[in-house]
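The values are calculated or read from the model by the stated rules, or taken from the named source; none is laboratory data. As the structure is a prediction and not an experimental result, all values here were calculated from the model. FYI the Cβ positions are ideal-geometry reconstructions off the backbone, even for glycines, and counts take in every protein chain you see. The area values use the complete protein model at the heavy-atom level, side chains included, leaving out ligands, DNA and RNA. Shrake-Rupley method; radii C 1.70, N 1.55, O 1.52, S 1.80 Å.
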Amino acid sequence: DTEVTQTPKHLVMGMTNKKSLKCEQHMGHRAMYWYKQKAKKPPELMFVYSYEKLSINESVPSRFSPECPNSSLLNLHLHALQPEDSALYLCASSQVPGQGGLYGYTFGSGTRLTVV
Amino acid sequence: GESVGLHLPTLSVQEGDNSIINCAYSNSASDYFIWYKQESGKGPQFIIDIRSNMDKRQGQRVTVLLNKTVKHLSLQIAATQPGDSAVYFCAENMSKGGSGNTGKLIFGQGTTLQVKP
């Protein structure tokens, strides 16, 4: 299995809702990442998990809360989001932090989030 | 802040021609670079990577060139096909300059490749 799987693929949520995005990989990668991508823009790094511990938070607002329950799973908990948070949320993994390995950082297909 | 950038937002080529997509980076300590292809509605797909101790790497129909002197990266696609139409991003692995990797992969602005039949 050489994929990063993200669920759900699409999510519409209200500004008072609480929802979670899920990411899973079974490649034995020990680094996992969350990126946010607005339309026609490059992905922007949000969080880096290294060996299940949060190593980088790119000054992301607290309404985004990451969690890494184990080495295969990465969640992003969402609460009290704003319409401007609507974007494609991408999860990625790599063998070790900062090193892409044979196939670089592997990205999932993303969750298209719309905040209404 | 430091970032990786691309020279052209859009590149239009004829099917069968070669394509060259360029990228400039600003962190001279970065040691690893990746080219990604992103099609509409999908996540970035790995194309090819190169480490800073190399200046050229070839894959199937693609070649990446790295010029550390001028901090320039390029992606060459041979015999461009309609299926190559997508947005192409270069990405830079931010280094701490000797004290290890940051784990931060930073993307350039992207070039949209349009292939005309």
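The heavy atoms of A:His77 present about 60 square angstrom of accessible area, all protein chains included, probe 1.4 Å. Stokes-Einstein diffusion for the stretch A:46-88 at 10 °C, viscosity 1.306 mPa s, with a Kirkwood radius from C-alpha pairs, works out to 141 µm²/s. Unpaired cysteine residues in the protein assembly as shown (no second Cys Cβ under 4.7 Å): A:Cys68. The figure for A:His10 is an accessible area of roughly 140 square angstrom, using a 1.4 Å probe on the protein chains alone. Heavy-atom accessible area with a 1.4 Å probe sorts A:Met15, A:Met27, B:Met94, largest first, into A:Met15, A:Met27, B:Met94. Within 15 Å, Cβ to Cβ, of A:Lys22, how many net charges do the neighbouring residues add up to if Lys/Arg are +1 and Asp/Glu are -1? Combined, the nearby Lys, Arg, Asp and Glu give +1. For the pair A:Ser72 and A:Glu44, the difference between a 0.36 nm per residue extended length and the Cα-Cα distance amounts to 7.9 nm.
Ligands, DNA and RNA are left out, and with a 1.4 angstrom probe the accessible area of chain B is 47 Å² per residue.
The Cα-based radius of gyration and maximum Cα-Cα distance (Dmax) for the stretch A:23-116 are 12.9, 40 Å. What is the distance in Å between the Cα centres of the stretch B:57-94 and the stretch A:64-96? Using only Cα atoms, the two centres lie 28 Å from each other.
Taking a sphere under 15 Å around the Cβ of A:Pro8 and counting the other residues whose Cβ falls inside, with K and R at +1 and D and E at -1, yields a net charge of +4. Carbon and sulfur together cover what percent of the accessible area of chain A at a 1.4 Å probe radius? Accessible surface attributable to carbon and sulfur in chain A totals 50 percent. Given an 8 Å cut-off on Cα distances and at least 6 residues of separation, report the relative contact order of chain B as a percent. Computed over chain B, the figure is 37 percent. When Rg and the Kirkwood Rh are both derived from Cα coordinates, the Rg/Rh ratio for chain B amounts to 0.97. A:Glu58 sits with roughly 70 Å² accessible to a 1.4 Å probe, with DNA, RNA and ligands left out of the calculation. Modelled spin-label separation between B:Ser52 and A:Glu58, with each label point placed 7 Å from Cα along the Cα-to-Cβ direction: 2.0 nm.
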